[in-house]
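J.: Here it is, the structure in full.
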Amino acid sequence: MKESLILILVLVFNQIQAQVQNFPEEVSFLNDNGLSFASKDSAQTLTFNGRIQALGAEFADFKGVTNTTEFFVRRCRFSIKGTSLNNKIVYRVQLCFSQRDMSADNSKETNNLVLRDAVIFYNLHKAFRIGIGQTKLPGNRQRVNSSGQLQFAERSATHDAFTLDRDRGIFFQNDFHIGKSLFKNYIAVSSGEGRITVSPNSGVCYTARTEWLPLGKFKNGGDYFEADLEREQKPKISFGATYSYNDKAKRVKGQLGEYLYNNESVNIGYAEADLLFKYKGFSFATEVYNKLVSNNFTSTSTSKRVIPSGQAWLIQSGYLFTQKDEIALRYAGAKNKQADANVGVFFREYLIGYSHYFKGHALKLQGDIGVIESKPNKQTANARISAIAAF
């Protein structure tokens, strides 16, 4: 797989070089989505994007044991996107530079985690695409939504414990209409270990997702960003479901988390369903998860790590009460069978947030405040303020 990624990067940068040579005197600048160039016949395009998120957070233990204040650059990313052969070829490379982006996947690893995405898709037909490389698996909707297009400063605690993530493999995408309804289908066969390079093993991850939009498309892809910034003039709804089986995973969350001890492996079965509704500035989203694992712990004589499993849920809603201002609410939770013994995964998250969109999700200021309950009998209040600027 490492060789495949190297080949992808070589192909991408060869494409960039070839396209730049074709652009002199045939350049058009597009301003909606980064800095974009297009050949005169539009057969080739090239787009550069960047995004910075600055975040401040205050956490206060209700028992007064620990209070912490943090200020940091949560995300700093740069991406290159392009098309060639009249959109038959679509490619994307995304790099990250903040410490949180590079170290959160696995604190013990020395792998270079600057590379987030490196994928090439070939459009075999207007309704069918095949890709190879590294990118997000077709998991829950909040995962696939860009972190720069959220209603809150961060994704939910539920998502952190139960989500799929980026992985390296082969990706298939298909969409079709039946009457007014739109169906979107995704299949991926991937390494199962995420962005980190591990020793080869016989296990892989199989992921499938389907979405049904009975009332047709959302405006400007609104089913994949939070908040109804497009103010849908007719009700729009999307139902989604995902199933993933990660065979012989080496990390506690499959694509994420620390390695299991003693070179162990775990089989992870993951099922998820979600719903999204938008209408005239109002948005409502919910997700439910069920995760089964072949063993619940990995341990040594002195240490133990939990492999998250059980059931989880997310309910989130927002309303734009002006053209640029939104109030949003979130309730999320998780519990597994070990939680009653004060171990395992258990939490409840209650959150209220406010966002001011200067220029949609590309330039915004957000703040939220809430409470997280967890075992054993722990309550933590948190307040966050986040600013995002993208080009």
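J.: May I ask you to list the residues in the range 305-329 that are open to solvent by 10 Å² or more (accessible area, probe 1.4 Å) and closer than 22 Å to GLY281 by Cα?
T.: Result: ILE315, SER317, TYR319, PHE321, THR322, GLN323, LYS324, ASP325, ILE327, LEU329.
J.: If you take the residues in the range 238-251 that are part of a strand (DSSP E or B) and open to solvent by 30 Å² or more (accessible area, probe 1.4 Å), which one is nearest to ALA271 (Cα to Cα)?
T.: Here is the first cut: in the range 238-251, the ones part of a strand (DSSP E or B) are 238-249, 251.
Keeping just the survivors that are open to solvent by 30 Å² or more (accessible area, probe 1.4 Å) gives 239, 241, 243, 245, 247-248.
Details: PHE239: 14, ALA241: 8, TYR243: 5, TYR245: 9, ASP247: 15, LYS248: 17 Å.
Among them, the one singled out is TYR243.
J.: Does any residue in the range 261-285 that is farther than 30 Å from ARG231 by Cβ come within less than 6 Å, Cβ to Cβ, of a residue that is open to solvent by 50 Å² or more (accessible area, probe 1.4 Å) and part of a strand (DSSP E or B) six or more places away or on a different chain, and which pairs are these?
T.: Taking only residues 6 or more apart or on different chains, the pairs are SER265/LYS248; GLY269/TYR245; GLY269/LEU292; ALA271/TYR243; ALA271/ASN290.
J.: Determine if the range 219-229 includes at least one residue that is in contact with an Asp or Glu (Cβ under 8 Å, 6 or more places away or on another chain), in a strand (DSSP E or B) and surrounded by fewer than 16 Cβ atoms within 10 Å (Cβ to Cβ).
T.: No, the range 219-229 has no match at all.
J.: Next up: Does the range 280-299 contain at least one residue that is open to solvent by 60 Å² or more (accessible area, probe 1.4 Å), within 24 Å of ILE187 (Cβ to Cβ) and part of a strand (DSSP E or B)?
T.: Looking through the range 280-299, at least one residue is open to solvent by 60 Å² or more (accessible area, probe 1.4 Å), within 24 Å of ILE187 (Cβ to Cβ) and part of a strand (DSSP E or B).
J.: Return the residues of the range 281-304 that are at pLDDT below 95, touching a Phe, Trp or Tyr at 6+ places or on another chain (Cβ under 7 Å) and not small (Gly, Ala, Ser); say none if nothing qualifies.
T.: TYR289, LYS291, THR298, THR300, LYS304
J.: Then there is this: Filter the range 114-169 down to the residues that are more than 22 Å from THR197 (Cα to Cα) and among the charged types (D, E, K, R) and list them by number.
T.: Scanning the range 114-169 gives LYS126, ARG129, ARG141, GLU154, ARG155.
J.: Could I ask something else about it? Say whether the condition of being touching a residue at least 40 places away in the same chain (Cβ under 8 Å) and more than 27 Å from GLY353 (Cβ to Cβ) is met by at least one residue in the range 218-231.
T.: The answer is no, given that none of the residues of the range 218-231 is touching a residue at least 40 places away in the same chain (Cβ under 8 Å) and more than 27 Å from GLY353 (Cβ to Cβ).
The values are calculated or read from the model by the stated rules, or taken from the named source; none is laboratory data. Only a predicted model underlies this, so the values are computations on that prediction, with no experimental measurement involved. Neighbour counts run over all protein chains shown; Cβ positions are idealised from the backbone, glycine included. Quick note on the areas: whole protein, heavy atoms, side chains included, nothing else; ligands and nucleic acids left out. Shrake-Rupley method; radii C 1.70, N 1.55, O 1.52, S 1.80 Å.
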